[in-house]
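First comes the structure, then the notes that go with it.
The values are calculated or read from the model by the stated rules, or taken from the named source; none is laboratory data. Predicted model, so just to flag it, every value in this text is computed and none were measured. Methodologically, a virtual Cβ is constructed for each residue, glycine included, from the backbone with ideal geometry; neighbour enumeration extends over all protein chains shown.
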Protein chains: 2
Amino acid sequence: MEQRVSLVTLGVGDLARARAFYEALGWRTGAGPHDDVVFFQAGGAVLALWGRDQLARDSGVRDTGGWGGVTLAHNVAGPGEVDAVLEQARAAGARIAREGAPTFWGGYSGVFVDPDGHPWEVAHNPHWTLEEDGTVRLA
Amino acid sequence: MEQRVSLVTLGVGDLARARAFYEALGWRTGAGPHDDVVFFQAGGAVLALWGRDQLARDSGVRDTGGWGGVTLAHNVAGPGEVDAVLEQARAAGARIAREGAPTFWGGYSGVFVDPDGHPWEVAHNPHWTLEEDGTVRLA
C-alpha cells in the first residue's frame with residue numbers, strides 16, 4: 001500500500017448546507033446542483049461530501065453519531081493566515097472550537113468545526129515545509 | 001481558504017498497535033520509538049496517529065466513541081491492486097468491511113477498517129486520473 005491518502009469523505013446531514021459552507025470558504029466544485037456527492041479537488045487529493053447514512057453503509061461501519069476520532073488540518077504560511085482562515089470560517093457559520101494561539105509544539109493554530117461537526121485545525125507549523133502548491137513535507 | 005487538506009489525524013487507542021498496523025502495510029515514519037505522535041508523509045499531505053483522547057481535547061470536540069462520519073480512500077490503478085491492498089490489510093489485522101467488487105459508480109472497490117475503527121476504501125476509479133506520484137485529479 002503506497003503511503004498516501006487519495007480521498008477524504010465527510011459524511012453530512014444536509015448536503016446543500018455542507019456544500020454552501022465549503023463554497024463560502026472559497027472552495028469550488030464541478031458538481032451539478034442535483035448531484036448526491038460533491039467532490040472538491042483538494043491539492044493532490046479529493047475532499048467529498050456525502051450523506052452520512054450512505055457513507056456509513058458504504059463503509060461497513062456503525063454510526064454512533066458525533067465525532068469519531070478524525071481531525072483534518074489545513075496548514076498555512078504564518079499566524080496571520082491562521083487567524084484569517086478562522087475568521088472566514090466563523091463568517092461562514094463554523095463554530096470556533098479554539099481561537100488562534102501559539103501551540104505547545106512551537107507553532108500557531110486554531111480549530112473550526114464545520115456544520116456537520118468535522119473539526120479542522122488551521123495551523124502554521126514552522127518545523128514543516130509548506131510548498132507553493134500547498135504540498136506539506138515533514139522535513 | 002485554499003482548497004486542500006494538509007494533514008489527517010487519526011485518533012487511536014493504542015499508539016504502538018496503530019503504528020505497527022500502518023508499518024505492516026509498508027508505511028514508514030521518522031518518528032522515534034517514544035514519540036507520542038507518529039507522522040507519515042502521505043503523498044503531498046501528512047497522516048498522523050495520536051491518542052484519541054488528546055486529539056478530542058485538542059480539537060475542541062466531545063468524543064462519542066465509534067465512527068464519526070469520516071472515511072478515507074486510497075486509489076489505485078486497477079481492480080487487481082484493490083484486491084492486493086485488501087489482502088495486505090487483512091494480513092495486517094484489519095477487518096475487511098467490504099470485499100473488492102464492482103461498484104454502483106462504475107469502479108471497483110473494497111473497504112478495510114483499521115484497528116481503531118477508521119475505514120479506508122481501496123478503490124479503482126476509471127473516471128479520475130491517478131498520476132504516477134499518486135496525485136488524484138477529478139478530471
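Some points to look at:
- Among the candidates A:17, A:62, residue that is modelled with pLDDT of 95 or more, more than 29 Å from residue B:76 (Cα to Cα) and basic (Lys, Arg): A:17
- Scanning segment A:33-43 for residues that are assigned to a strand (DSSP E or B) and of a type outside the set (A, V, I, L, M, F, W, C) turns up just one, A:41.
- Scanning segment A:96-139 for residues that are hydroxyl-bearing (Ser, Thr, Tyr), part of a strand (DSSP E or B) and closer than 13 Å to residue B:59 by Cα yields one hit, A:109.
- Criterion: out of contact with any Asp or Glu (no Cβ under 6 Å at 6 or more places or on another chain), of a type in the set (D, E, K, R), surrounded by fewer than 17 Cβ atoms within 10 Å (Cβ to Cβ) and more than 27 Å from residue B:4 (Cβ to Cβ) - qualifying residue of B:95, B:137: B:95
- Selection status of residue A:56, hydrophobic (A, V, I, L, M, F, W, C) and surrounded by fewer than 18 Cβ atoms within 10 Å (Cβ to Cβ): no
- Taken over segment A:54-104, the criterion of being more than 10 Å from chain B (Cβ to nearest Cβ), among the charged types (D, E, K, R) and touching a residue at least 40 places away in the same chain (Cβ under 8 Å) is satisfied by no residue.
- Residues of segment B:22-32 satisfying the condition of being free of Cβ contacts under 8 Å to residues at least 40 places away in the same chain and either part of a strand (DSSP E or B) or exposed (fewer than 14 other Cβ atoms within 10 Å of the Cβ) (or both): B:28, B:30, B:32
- Yes/no for residue A:129 being hydroxyl-bearing (Ser, Thr, Tyr), over 20 Å from residue A:15 (Cβ atoms) and more than 8 Å from chain B (Cβ to nearest Cβ): yes
- When each of B:104, B:112 is tested for being surrounded by fewer than 17 Cβ atoms within 10 Å (Cβ to Cβ), among the aromatic types (Phe, Trp, Tyr) and at negative phi, the lone residue that passes is B:104.
- When segment B:1-32 is limited to residues that are more than 7 Å from every other protein chain (Cβ to nearest Cβ) and acidic (Asp, Glu), the one that is farthest from residue B:66 (Cα to Cα) turns out to be B:23.
- Top-ranked residue of segment B:33-50 - restricted to ones that are more than 10 Å from every other protein chain (Cβ to nearest Cβ) and at pLDDT 95 or above, ranked as surrounded by the fewest Cβ atoms within 10 Å (Cβ to Cβ): B:36
- Any hit, segment B:44-64, residues being assigned to a strand (DSSP E or B) and touching a Pro at 6+ places or on another chain (Cβ under 8 Å): no
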